[in-house]
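The values are calculated or read from the model by the stated rules, or taken from the named source; none is laboratory data. Being a predicted model, the structure only gives us computed values, none of them experimental. Here the Cβ positions follow ideal geometry from the backbone for every residue, glycine too, while neighbour counts run over all protein chains shown.
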Amino acid sequence: MQDKNSPQTPGTGTTPEDLYLEKNRISGISSPAPSDDKSSGTPKKIDWKPFAIIGSVAALLIIGVLVLTQFVFKKPGQFLPSKADPNAPFEETRREENLTSENLHIKRGKESYSRGYLTDAIAEFNEVVESDASDRDKAIALTYIGMINDDKGDHDRAIEYFNRALTYDRNNPDIYKNMSLAYRHKKDFDRAIESAEKSAAIKGDDGDTKTLLGNIYFETGRYDDAISAYRGVLDGSPENARVLYNMGSALMQKGDEFAAMEYFKKAGAADRIGEVAFKAYSRLGVIYIKHKDFEEAENYLKRAVAIRPNDALNRYNLGIAYLRQKKTSEALEELSKAEEMGENNTEVLEGIGEAYLSMKNYDRSLEIYAKLRKENERNVKVLARIAEIYYDKGELDNAYETYRKITVIEPTTENARIAYLNMGNILDDAQRFDEAIDAYQKALAISPKDDSVYYNMGIAYKHADRPELAITAWKKGAELDPDDPAPRTAIADYYYERGYYDMAETEYREIVGRWPQVQDPHFKIATMYYKRGNYDYALSAYNRVIELDPNSDLARKALINKALLVSKTAKGDAGLDESMSLVQKALLMKPEDAEALFALGIIYMKKEMYDRAMDTFYQVVKGAGEMSLVADAYNNIGKCYFKKQQYKKALQAFTRGIEEDPSNEELRLNRKAASQAYEAELDRE
């Protein structure tokens, strides 16, 4: 019986598989105006097929779908900040404490002002100015007229009235404070600070004026001065919720996020159920999401939702916090509420659509984008997202047709170029290679120097069995973007797949010499050496892959291949124990991984621990999704039974393997050997 305890040919499940290019991935459409720059909106991202070690195919998509071209949409599961500037401090209120009077016209004017009857208010205040009222009352009346003009946006006229008020009363701090507000509104920050300081000089314990100064400093980027001003307020009023929040905002601007969070917490506690608490808790929720502390994010976002239950943005962010904790039902509930409450909020709807997509809930995601499209049938950004969802669903015809609509709406734009690129990718997936190449040519007609198109065109030429044109396209892509290793690697992979190992090795070595920190070429070199029997070189290259990024999926695969390599060359238990340790490290990175379990089963077989080996291979059968890998597992189960001289069970295992993979010739040979052994056993009985 053929021994399969050591690496064999590709497809047997015990050696690094041949290196194929990743299927073309879909590129995103950008919303800004088209640009002649080929890189506009297209920082390309070329991915490779997962380098399956034991013949399995890894899952292609994760949350935050990677694409050739980054898309302007929020990535799935990303929190949404408020449209309002989240850094802005709470504004101070107008000061009227020193604008009180028993004058009947002033009282009537203030009443009209508070109720919004501004014409009546001005008439009452003018009565005071034109009467024989006291200077203090005239100053108050002129101050109110100035405030009304400032509220109306006529800041210069407001300042004129405040200056007139000062001719009657230069010791009223509220005149200076309201003048400071007018200067601030017209962005004359130096005079705003000067007026606020005069107000503070008259009334040194005035927290409102200090808050105003802090806000002006904040607005002008003088965060240290803002913090000092806010601290001056808090020294006398430590429970001032607005200033606590503003202090947190200033500290955030300084980069002291931890201290800022503490102030936001204090602000929320001080305000309890008001606007300050709502904004503080909302902000804390976003910060905790950013730090991946989703439990705390949930805690604070729930508080924000309790204060304002109809706020779509916090409902959405709470849904994301649930989603990241894998609380799917809770996430769906919050996202549904956010959808209902934010039906007119484009930003929220886009985020919800992305969240549904990240959950692979394609139908609900499409529903969201259909709503967005109703607002504008020609919105190419939304059309592109719909096309991507169709692509992810596997509905290639619908995806293709949606991209085609973009080329009709914007026939010669950058968005049309990306659409043609994606149409080519879809056609290539559908094995309509000539049509794919035609689509790529249309993309090049819009942007002749697009290296990503040449790269993907090379893949289509390769699939069409036109290798010379494929290599020409990849070389052109490499020429256009000499800093991208993908086209060079594609050429090296082609040489490797065709068995031109010397040419492949030359290319790979040039690639790792140019891009020593890129894992993929190192992994491929290791795999090539492994298959060629150059085990020392392979081991060194796998070690390099692991060193570059020990937490990556390629490092995990390198650990498994290294384990198989060590087990193949092991001369005693020490080597096999080392192999087992390497596989266990890989399993820590991805528990119950069929590839790693298969390698572990091989090692148990080498150690003649056949029962343990069979238990492990049965786990592979249970968890593997690829028929050839399941067949290989049954093959090795059969060999274990054969070694234990349990020929009937061996025969049954080999038969099950053939059912999974009828093309596996080794299984047929092994079944024949087991059948003969079982018949001989029956004859002996």
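The table below gives the values:
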quantity	calculated
Single match in 385, 373 (criterion: under 21 Å from residue 408 (Cα atoms) and over 21 Å from the mean Cα position of the chain (by Cα))	373
Count of residues meeting criterion [in a loop (DSSP other than H, G, I, E, B) and under 21 Å from the mean Cα position of the chain (by Cα)] in the stretch 321-342	3
Candidate set: the stretch 303-335, residues that are surrounded by 15 or more Cβ atoms within 10 Å (Cβ to Cβ) and basic (Lys, Arg); chosen: the one farthest from residue 263 (Cα to Cα)	327
From the options 418, 437, residue that is assigned to a helix (DSSP H, G or I), at pLDDT below 95, of a type outside the set (Lys, Arg) and closer than 30 Å to residue 514 by Cβ	418
Selection from the stretch 509-561 of residues that are surrounded by fewer than 20 Cβ atoms within 10 Å (Cβ to Cβ) and either charged (D, E, K, R) or touching a strand residue (DSSP E or B) at 6+ places or on another chain (Cβ under 8 Å) (or both)	509, 510, 514, 531, 532, 536, 544, 547, 549, 553
Residue 245, sole failed condition from (1) crowded, with 24+ Cβ neighbours inside 10 Å; (2) among the aromatic types (Phe, Trp, Tyr); (3) in contact with a Gly (Cβ under 7 Å, 6 or more places away or on another chain)	(3)
Tally of residues being surrounded by fewer than 24 Cβ atoms within 10 Å (Cβ to Cβ) and touching a Lys or Arg at 6+ places or on another chain (Cβ under 9 Å) across the stretch 171-180	2
Pick from the stretch 218-231, criterion touching a residue at least 24 places away in the same chain (Cβ under 8 Å) and hydroxyl-bearing (Ser, Thr, Tyr), ranking: nearest to residue 260 (Cα to Cα)	223
Residue within the stretch 188-206 that is surrounded by fewer than 16 Cβ atoms within 10 Å (Cβ to Cβ), under 43 Å from the mean Cα position of the chain (by Cα), part of a helix (DSSP H, G or I) and not hydrophobic (A, V, I, L, M, F, W, C) present	yes
Filtered residue count, the stretch 451-507, keeping only those that are touching a helix residue (DSSP H, G or I) at 6+ places or on another chain (Cβ under 6 Å) and not in a helix (DSSP H, G or I)	3
Extreme residue, nearest to the chain's Cα centre (by Cα), among residues of the stretch 352-365 that are among the aliphatic types (A, V, I, L, M) and crowded, with 21+ Cβ neighbours inside 10 Å	355
Scope the stretch 112-140; condition among the charged types (D, E, K, R) and either touching a helix residue (DSSP H, G or I) at 6+ places or on another chain (Cβ under 8 Å) or within 16 Å of residue 167 (Cα to Cα) (or both); matching residues	120, 124, 127, 130, 132, 135, 136, 137, 138
Counted residues, the stretch 541-586 - those being in a helix (DSSP H, G or I), over 26 Å from the mean Cα position of the chain (by Cα) and not acidic (Asp, Glu)	26
Check on residue 269, at pLDDT 95 or above and under 39 Å from the mean Cα position of the chain (by Cα)	yes
Looking only at the stretch 448-488, and only at residues there that are of a type in the set (Ser, Thr, Tyr) and touching a residue at least 60 places away in the same chain (Cβ under 8 Å), the one that is surrounded by the most Cβ atoms within 10 Å (Cβ to Cβ)	452
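A quick yes/no check of all residues on (1) touching a Lys or Arg at 6+ places or on another chain (Cβ under 7 Å); (2) surrounded by fewer than 18 Cβ atoms within 10 Å (Cβ to Cβ):
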| site | (1), (2) |
| --- | --- |
| 621 | no, no |
| 625 | no, yes |
| 630 | no, no |
| 636 | yes, no |
| 645 | no, yes |
| 648 | no, yes |
| 651 | yes, no |
| 661 | no, no |
